[in-house]
Every structure is written in C-alpha cells, then in structure tokens.
Amino acid sequence: MKITDISNNINEWFSGAGPHCDAVISSRIRLARNLDGHKFLSRCSDSEKTEILNLLKNVTMSLQIGDNVSYVSVDEASSLDRNLLMERHLISRGHALGKGPRGVVLAHREFFAAMINEEDHLRLQVLKPGFQLNGCYEQINSIDDRIEKQIAYAFSTKYGYLTACPTNLGTGIRISVMLHLPALKMTGQIKKFLNAARAMNLAVRGLFGEGSEAAGDFYQLSNQVSLGISEMELIKQFEATLVPEIIDYERQARQKLLEDNSQSLDDKVSRALALLRNAHLISSQEALTLLSHIRLGINMREHMGAETPALKSLCGLIPRNVARSEFIQTINRLFMLTQPAHLQINHGRHLDPTKRDALRAKIIRSELGGESRQ
C-alpha cells in the first residue's frame, strides 16, 4: 500500500456523519494485547521483535473484516509517511517515533488498524463516525476473538490481559471519543469540563493524542483504567452518562451564545470566513481554529435553526444542490488535508513552513470560493 493511496481522501470515521455528529466527531475502541511466551517489547531484541511482527502481521492480514487490508512497514517508512499516518490517527506518536521492527495493518476505509510492536505487541483499534461506541465494540470484539483462535495472548486470572503499561491491565480496553467543543471554549466553560473529566479519572487529550494541544477545539476523552471493570460497564458509562452530558453542555453553551452573545458569535464566524477566503498564508494552528468556527456556525444553523447575519452569510456559500451535511464533510476534509504531512505528500515534496502556509491558504481559498484561486 502506498501512502498516496489515502492522502488525497478523507477517511470514513472523519466524514462528519454519525449520531450526534455536531459535537462528536468519532468513536474509537482500542485493545492492547501481548503474545503469551514472549517478552514485553522493552526487553526484546530486534530478532524477537521481527518474529512477533511477522506472526501478528500474517494473522491480522488474514482476517475477514469486510474490507481490503494493507500493511505498512513503519520502521521503513519515511518521516513524512509516518507523520501522515499519525495525522490520520492510524498510528500513535509513540509508534511513529519508535525504534526497531514495527508496522501497521490498515483497512482501506481506515475504520480498522492494528499497530504491531508499538508499546505492546498488538494494539487493535476500530473507529466510527459520530457517537457509536457499541458498534465499535461489537466489531473489535469479533476481530479480537478471531485473532485469539489463532494465537495465545498473555493472560492472568488475577490481572486479566497482561500489558506493558499497568493502566491497561484487565480488559486492555481504551475507549475514546473525539469531541468538538467550540462553544464551551468560547463561553469560558472548558476548564470546568477538563476538571470534571480528571475528577472522574478520565484522560483528556488534544486532536493528535497524548502530548498534543486541543487544536481546533477538538478534545479526545478516554478512560484511564481498565482493571476491575468490564468492557460493557465502561461503555455503558460513556454511552449513558459521560458523553451525553458533555454533548448537552456543549449544546447549552451554543444556545447561550445565541441568546447572550450573538454579536461575538457573528464576529468570530465572519472573521473566520473572511480570513479563510482571502488569506495567502495560514498556519496549521490558525487553519484549525478558523475552520472550527466555520464548523460551529454550520452546525448551529443545521441543528438549531440559528439565524444570525453571519450564519446566513455562511450558509450562502453552500451550493443549492449540496446538503449542509455534505458541506460539513468539506470542512472536515480541510481539517485533515491541510495538515503538514498531507500537504507535502500530496504536493510531492518537502516544503518549508512558509511554503506550507501558502499552499494551505490556496487550498482553502479554492474550496471555500475565495477571491484568489491562482
């Protein structure tokens, strides 16, 4: 598989569809597993890592998951290719920057990925658009069961699945929901959300996972403990209380913006639109922030029927034969395809930061019908 096969397209889970898609970008479930009879990776030689890699590659490539699968050798990939896979959430930062034999098996529609020799021998993940944790779990549980029929996992009757990091002991599950919370940020309530999440022993990370900032008002919410609680109990917590409450808080914040501060909302949306349609240099951070404001405006008009001068003007951009939900896909596409590695791979060469900023601005102007398309 060539990285250019996926670099020009948006992946299925980032399409802007799915339940509660105005506030929930995607759902992900990841399982951490290690092979019985093998050392943890931190104690493996390169030859042992190669043995593990070949075994797990063959097993995962043989799975019938309803889609074609491909393998990418991460240790042999260029830094740009590794960064693109990380931008698309198909490998972690640790996998991209790691050492020794390692790889990833990918479904072509990118709803499934299996990182081999990351922190654990195997990290399986399934992603879906919107709020679909049960669907993620049903699919990944089926995949995990099929793998376990072919190999033996390291397992303890006392501690469950044995993992390199103690926080993954037990079920080895990590539930993650990517949220878009611009109104909580605008109304100054985001710190309450962050403090409440930490008090409930949940991890909150930015758009690109551990160590990243919440660029574009994207936040990844996940569990930190998997020992002593079943998979379905965790999923029920997320499905029944945690995420619905956050969605409700975000929607209340959007309503408050409309009722108490519609001029500020209009100003942010208008400025974002003007800059995106006319700027000739835009950094990745600025693009994420401005596109976030546009996405908020479209969703407020679509889901809340909000009517303000800026929101009317914004919706005037949408061609008559294009649904607003399809325009959201355009915005989501720009979130992804204007990231540094995507820009450079699609352009065919390395670019310095200024040239990246210029190319990013040109692509956005073209997509949003800006004055200059040269």
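Worth a mention:
- A search for C-beta distances below 6 Å between a residue of the stretch 29-42 that is under 15 Å from Ala152 (Cβ atoms) and any residue that is surrounded by 14 or more Cβ atoms within 10 Å (Cβ to Cβ) and acidic (Asp, Glu), counting only pairs 6+ apart in sequence or on different chains, returns Asn34/Asp120.
- Qualifying positions in the stretch 310-367 - modelled with pLDDT under 90 and assigned to a loop (DSSP other than H, G, I, E, B): Gly316, Leu317, Ile318, Pro319, Arg320, Asn321, Val322, Ala323
- Among the residues of this structure, Asp120 counts as one that is touching a strand residue (DSSP E or B) at 6+ places or on another chain (Cβ under 7 Å), acidic (Asp, Glu), under 28 Å from Arg82 (Cα atoms) and surrounded by 22 or more Cβ atoms within 10 Å (Cβ to Cβ).
- Residue check for Lys191: over 19 Å from Phe14 (Cβ atoms), surrounded by fewer than 17 Cβ atoms within 10 Å (Cβ to Cβ) and either over 19 Å from the mean Cα position of the chain (by Cα) or at pLDDT 90 or above (or both): yes
- Residue list for the stretch 16-44, filter: touching a Lys or Arg at 6+ places or on another chain (Cβ under 9 Å) and either part of a helix (DSSP H, G or I) or of a type in the set (S, T, N, Q) (or both): Ser26, Ser27, Leu41
- Residues located in the stretch 334-361, provided they are surrounded by fewer than 18 Cβ atoms within 10 Å (Cβ to Cβ) and within 19 Å of His293 (Cα to Cα): Met336
- Only residues that are of a type outside the set (Ser, Thr, Tyr) and under 23 Å from Thr338 (Cα atoms) were counted across the stretch 53-106, and they come to 21.
- Entry remark, the stretch 327-355: residues being closer than 18 Å to Glu367 by Cα, of a type in the set (A, V, I, L, M, F, W, C) and touching a residue at least 60 places away in the same chain (Cβ under 8 Å) number 5 in total.
- Among the residues of the stretch 219-243, those that are farther than 14 Å from Ser26 by Cα and in a helix (DSSP H, G or I) comprise Glu231, Met232, Glu233, Leu234, Ile235, Lys236, Gln237, Ala240, Thr241, Leu242.
- Within the stretch 1-39, considering residues that are of a type in the set (Ser, Thr, Tyr) and surrounded by 18 or more Cβ atoms within 10 Å (Cβ to Cβ), the one modelled with the lowest pLDDT: Ser15
- Residue match in the stretch 81-93 (condition: farther than 20 Å from Lys2 by Cβ and either at pLDDT 95 or above or assigned by TED's automatic domain parsing to the domain that holds Ser142 (or both)): yes
- Of all residues making up the stretch 61-78, the number that are touching a residue at least 12 places away in the same chain (Cβ under 8 Å) and in a helix (DSSP H, G or I): 3
- Residues of the stretch 273-288 include at least one that is touching a Gly at 6+ places or on another chain (Cβ under 9 Å) and among the small types (Gly, Ala, Ser).
The values are calculated or read from the model by the stated rules, or taken from the named source; none is laboratory data. Here the structure is a predicted model, which is why all the values come from computation and not from measurement. Ideal geometry is used to build each Cβ from the backbone, glycine not excepted, and the neighbour counts take in all protein chains shown.
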